[in-house]
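Report on the structure given below.
The values are calculated or read from the model by the stated rules, or taken from the named source; none is laboratory data. Model, not experiment: these values are computed from the prediction. Every residue, glycine as well, gets a Cβ built from its backbone with ideal geometry; the counts of neighbours run over all protein chains shown. Keep in mind that these areas ignore ligands, DNA and RNA; they rest on the heavy atoms of the full protein, side chains included. Shrake-Rupley method; radii C 1.70, N 1.55, O 1.52, S 1.80 Å.
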Amino acid sequence: PTQQRTPVQTKARRALKGTIPARDKKDGNLYKEAFIQDQTTGLRMLFDATSGLYIGDSVIVNVNGLYLGDYGNFIQMGSDPYVDESGNIRVSGFNMDRQVLKLSAGNPATPGVATIRQIKSTAWLGKLVTLENVQFEDEETGKTWADGLADPPAAANRMLTDCSNNSIIVRTSGYASFANALLPAGKGKITGIVTVFNSDYQLLVRDYSEVELTGDRCGYVPQPPGPPVETLSQN
């Protein structure tokens, strides 16, 4: 198992400045959280309530007194540490109104374009990315993104692949507005935030409208129509 690192509190008078590429209250796939990103990296922020941030907000975060925690090998920023029911050391949510100052709105959160192999790197963690020429694996055909009908609704992992059989998990909350929608059957592009859980890299969809998997699947060969026939019979 991955060794857990003890959360570290920031006691210096420091601040982070960046743009919000993903946040809660958009399609329900994120909950009491948002991501902040600058030219170098991205970071997950956990809140004690729904954030009130929007994609494209430029913000300054006062990190004095906040903690950096490690859950599933994914660094995230929050408040006081606690131990969950599974014995994991986690950080709780912090008060956004006291720590975050919104500077402006409507700033472009432009995703980087990369391959599945490229984003399986710590350099991509917490960052917004678009994957092109990808599709859900054949075995996922007919499945929904998650199980929103369960009690309580259950998250699910679905495997996304490229035409060279490189794959990555797409993780979706059972509370997402599209949890019970069928996975798209085509190939195309998808945008999301790169995360990791232990050694498993994952993609979180931030906006369902950015799922554009409508093209022909890998290996598709168009078949020209044959000559017409008047009747068919089957033995």
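On a per residue basis, the convex hull of the C-alpha atoms belonging to the range 79-201 measures out at 167 Å³. Computed from these coordinates, which is Rg and Dmax of the Cα atoms in Å: [x] 18.2, 56; [y] 19.2, 62; [z] 20.7, 83? After the calculation, the listed value that fits is [z].
Can you send over the carbon and sulfur percentage of the accessible area for the range 1-99, probe radius 1.4 Å, protein chains only? So the carbon and sulfur contribution to the accessible surface is 45 percent.
Mean-square fluctuations from a GNM of the chain, with a 10 angstrom spring cutoff on Cα atoms, peak among Lys11, Lys32, Lys143 at Lys11.
Using all pairs of distinct alpha-carbon atoms, the Kirkwood hydrodynamic radius of the range 34-149 works out to 16.6 angstrom. For the pair the range 182-232 / the range 93-166, the C-alpha centres are spaced 15 Å from each other.
Here the dipole of the range 1-136 is about 380 debye; that uses its Cα centre as origin and unit charges on the Cβ of Lys and Arg (positive) and Asp and Glu (negative). Ellipsoid semi-axes for the range 51-119, based on the Cα gyration tensor and the rule √(5λ), read 25, 21, 9 Å when sorted largest first. Pairs exceeding 20 Å between alpha-carbon atoms, taken from Lys17/Lys127; Lys32/Lys127; Lys102/Lys189; Lys25/Lys120: Lys102/Lys189; Lys25/Lys120. Surface exposure of the chain, expressed per residue as accessible area with a 1.4 Å probe, stands at 56 Å².
Relative contact order for the range 39-148: 29 percent, from Cα pairs under 8 Å spaced at least 6 residues apart, divided by residue count. Rounded to the nearest 5, the antiparallel percentage of DSSP beta bridges internal to the chain is 85%. Contact order, relative form, for the chain: 18 percent (alpha carbon pairs under 8 Å, 6 or more residues apart, mean separation divided by residue count). Over all pairs of different C-alpha atoms in the range 1-102, the reciprocal of the mean inverse distance, the Kirkwood hydrodynamic radius, equals 13.9 Å.
Across the range 1-84, C-alpha contacts under 8 Å between residues 6 or more apart give a mean separation that, scaled by the residue count, equals a relative contact order of 37 percent. Each residue of the range 37-47 was assigned a 3J(HN,Hα) from its phi angle through the Karplus curve 6.51 cos²θ - 1.76 cosθ + 1.60 (θ = phi - 60°); the sequence is 9, 10, 6, 10, 7, x, 8, 8, 10, 9, 10 Hz, with glycine and proline shown as x. Simple point charges give the picture: +1 on the Cβ of Lys and Arg, -1 on the Cβ of Asp and Glu, and for the chain a dipole about the Cα centre of about 1080 debye. Comparing Arg90, Arg23, Arg117 in a Gaussian network model of the chain, where Cα atoms under 10 Å apart are tied by springs, the biggest mean-square fluctuation is seen for Arg117. Here the Gaussian network model covers the chain, with springs between Cα atoms less than 10 Å apart; of Glu85, Glu210, Glu137, Glu85 fluctuates the most.
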